[in-house]
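Remarks on the structure that follows.
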Amino acid sequence: MRSVTNSPTPPVDVVLPCLDEAGALPWVLERIPSGWRAIVVDNGSSDGSADLAASLGATVVSEPVRGFGAACHAGLLAATADIVCFCDCDASLDPALLPSLADPVLRGELDLVLGRRRPTTRGAWPPHARLANLELARLVRRRTGLRLHDLGPMRAARRAALLGLELADRRSGYPLEMLVRAADAGWRVAETDVPYAPRTGRSKVTGTWRGTWHAVRDMSAVLRQPAAAPTATQASPLGQVAR
């Protein structure tokens, strides 16, 4: 198994929020594209995930404040590459597919690309989680006009532009807030299909009805926020795209 390249100036940084993912980390880090840097954000793991990730060559960032958004944003702040990708660290999504998301951003054709999850097996995506996702996607379409089908955690965008969105949610609403603020700023947004496999271990968010309810609650609060005015650091409005 090869180690992950830890270059000081990688072409792309991959942010991997991590909470007790030791069982998935070797496979995930092995699949990071060559020359890209993996930033594993340890969110309070008790299974040795941080040490394991470091031993495999990843850059490890500690974020003691619990929350998916807190981990993602800590990784964004630690990133130095022009392009930043986000990917779950549970082996449900294949990081080797990230170039298909990052390439349109690198070429300047799109501002934000999401991976639309396509389950590989019946058990990959619990019914309650899929229903919640469909409803949130519908609400996003109504709120922003983006015709998206999934609020997928695999995504790619430019680091400076993401920081310009001034994302504030540090819980489950972070991915949705990114979409809403990007739409408000006129970003070109699209999605591309990616296989979605059963995760390694149990989900901390959508693995239970309770976790899903908390996620929907956080995201509903984001949708109730007023539209944010674009700032000078945000990407130029060039028209929205949804495929």
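The values are calculated or read from the model by the stated rules, or taken from the named source; none is laboratory data. Since this is a predicted model, take the numbers as computed values, not measurements. Here the Cβ is made from the backbone with ideal geometry for all residues, glycine too, and neighbour counts use every protein chain on show.
Restricting to segment 15-37, name every residue that is under 13 Å from the mean Cα position of the chain (by Cα) and either surrounded by fewer than 22 Cβ atoms within 10 Å (Cβ to Cβ) or within 15 Å of ALA79 (Cα to Cα) (or both).
Residues of segment 15-37 that are under 13 Å from the mean Cα position of the chain (by Cα), as a first pass: 15-18.
Passing the criteria: VAL15, LEU16, PRO17.
Could you check how many residues of segment 126-150 are of a type in the set (S, T, N, Q) and either outside any helix (DSSP H, G or I) or in contact (Cβ under 8 Å) with a residue 24 or more places away in the chain (or both)?
Residues meeting the conditions: 1.
I'm trying to understand the selection: among the residues of segment 62-113, which are β-branched (Val, Ile, Thr) and crowded, with 17+ Cβ neighbours inside 10 Å?
Answer for segment 62-113, where residues must be β-branched (Val, Ile, Thr) and crowded, with 17+ Cβ neighbours inside 10 Å: ILE83, VAL84, VAL105, VAL113.
Among the numbered criteria (1) modelled with pLDDT of 95 or more; (2) within 15 Å of the chain's Cα centre (by Cα), which one does PHE68 miss?
(1)
Restricting attention to helices (runs of 4 or more DSSP H) lying wholly within segment 151-243, give those where 1 or more residues are surrounded by fewer than 21 Cβ atoms within 10 Å (Cβ to Cβ) and modelled with pLDDT under 95. Spell out how you get there, then give the answer.
Numbers: elements: 159-164, 174-184, 209-223.
Helices (runs of 4 or more DSSP H) meeting the threshold: 174-184, 209-223.
Quick one: which residue in LEU97, LEU146, LEU110, LEU93 is at pLDDT below 95 and of a type in the set (A, V, I, L, M)?
Exactly one residue qualifies, and that residue is LEU146.
Determine whether segment 120-134 contains at least one residue that is crowded, with 17+ Cβ neighbours inside 10 Å and closer than 16 Å to MET178 by Cβ.
For segment 120-134, residues crowded, with 17+ Cβ neighbours inside 10 Å and closer than 16 Å to MET178 by Cβ: present.
Please identify the pairs in which a residue from segment 45-72 that is touching a residue at least 40 places away in the same chain (Cβ under 8 Å) has its Cβ atom under 6 Å from the Cβ atom of a residue that is surrounded by fewer than 22 Cβ atoms within 10 Å (Cβ to Cβ) and part of a strand (DSSP E or B), counting only partners at least 6 apart or on another chain.
none
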